[in-house]
1. Which of rounded, prolate or oblate describes the chain when judged by the alpha-carbon gyration tensor and an a/c cut-off of 1.5?
2. Relative to the longest principal Cα axis of the chain, at what angle does helix 216-228 sit, 0 to 90 degrees, rounded to 10?
3. Amide H to amide H under 5 Å from residue 31: which residues, 5+ apart in sequence or cross-chain, H placed 1.01 Å off N in plane?
4. Taking the DSSP beta bridges in the range 7-239 as the whole, what percent of them are antiparallel, to the nearest 5?
5. Using θ = phi - 60° and the Karplus curve 6.51 cos²θ - 1.76 cosθ + 1.60, what whole-Hz ³J(HN,Hα) does each residue of the range 40-49 get, with Gly and Pro shown as x?
6. Report the net charge of residues surrounding residue 184, where surrounding means a beta-carbon distance below 10 angstrom and charges are Lys +1, Arg +1, Asp -1, Glu -1.
7. Any chance you could run the full-extension gain for residue 210 through residue 249? It's 0.36 nm times the residue separation minus the Cα-Cα distance, nm to one decimal.
8. For the range 149-154, take each phi angle, set θ = phi - 60°, evaluate the Karplus expression 6.51 cos²θ - 1.76 cosθ + 1.60, and give the result in whole Hz per residue in order, putting x for glycine and proline.
Amino acid sequence: MDLNHAVVLVTGGGHGIGRALCHALATAGARVAVADLDFEAATQVALEVGGLPLALDVTREQDVIAAIEHTESELGLIDVYVSNAGVAFGDGPDGAASAPDEHWRRCLDVHLMGSVYAARAMVPRMKVRGGGCIVIVASAAGLLCQIGEAAYTASKHAAVGFAESLAITHGEDGIQVCLVCPQAVATRMTGFDDDGQAQDADQGFGGNDVDGILSADYVADCILAGIEEERFLVLPHPQVATYFQRKADDHDRWISGMRRFRQHLLGDRT
Ligand SMILES: NC(=O)c1ccc[n+]([C@@H]2O[C@H](COP(=O)([O-])OP(=O)(O)OC[C@H]3O[C@@H](n4cnc5c(N)ncnc54)[C@H](O)[C@@H]3O)[C@@H](O)[C@H]2O)c1
């Protein structure tokens, strides 16, 4: 897809990867709607990129529909919808099952239902127009596992499954689905500010920084390339493909390896 003059709505556009993506899209000539729970941040980014600021909570279907309608009346028909908003809370004190329901629900609502609401509104529109692109920013955690983040991991696996279902079902409708699965990226989620400066040295990466922490700008460029080249899977850390292959080859062996890796991380922290 050619992004020059394309209309693109980015959720979670106020910070981190979404913010970097809004900048990269505007540079590529796209007209950008910057949507975020943090409306102040969305407004700031929209000012920087000459875009349209939108307040939305992706867990509320009526917010998602209103954001789409507002974007289409102000900027034109949406060519690309980027479902990027995300949250992470960490496990509870007793490990993988111990996080409160509130955190489980929020992860599933933001990472899964946010994309379901977007697709429910966008697929019929895109079908009528003969196509479009839906980008789902999941995580390597959705293919593998983020140690210390059971709710995050499970909800990102759900996001991956939903992206696959969308791509398989609606490819013939001309709808391109782009699934983005990075490991660690320098954003607020991993203890950095929006300029990529470390803020919280104690913030755990759960081992997902083993292959290095990428900048949000680099990940944004990978996403742009994925959209333009009409690829399904975008892996900003290419090593993830190898890990995913090893997991598929021998799941039991992979679990044993991940247990040893977790022990190694725990050792590093004591
Ligand atoms: N940072 C990483 O290491 C990393 C790695 C893999 C995947 N991801 C994913 O990338 C995406 C972007 O995260 P980021 O790293 O830029 O973090 P971030 O915290 O900098 O940005 C997340 C954005 O989502 C917004 N948001 C949260 N809940 C929302 C809601 N209900 N409705 C609307 N907006 C909401 C926040 O206000 C924020 O602007 C997330 O889906 C995250 O899971 C991040």
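FYI, it's all coordinate maths here, none of it is from the lab. This is a predicted model, so every value here is computed, not measured. Counting neighbours? That spans all protein chains shown, and the Cβs are built from the backbone with ideal geometry, glycine included.
1. Prolate.
2. 60
3. Under 5 Å from the amide H of residue 31: 5, 6, 7, 8.
4. The answer is about 5 percent antiparallel.
5. Along the range 40-49, the couplings run 4, 5, 4, 5, 4, 5, 4, 4, 5, 10 Hz.
6. -2
7. The residue 210-residue 249 span can extend by a further 11.9 nm.
8. 9, 5, 5, 4, 4, 5
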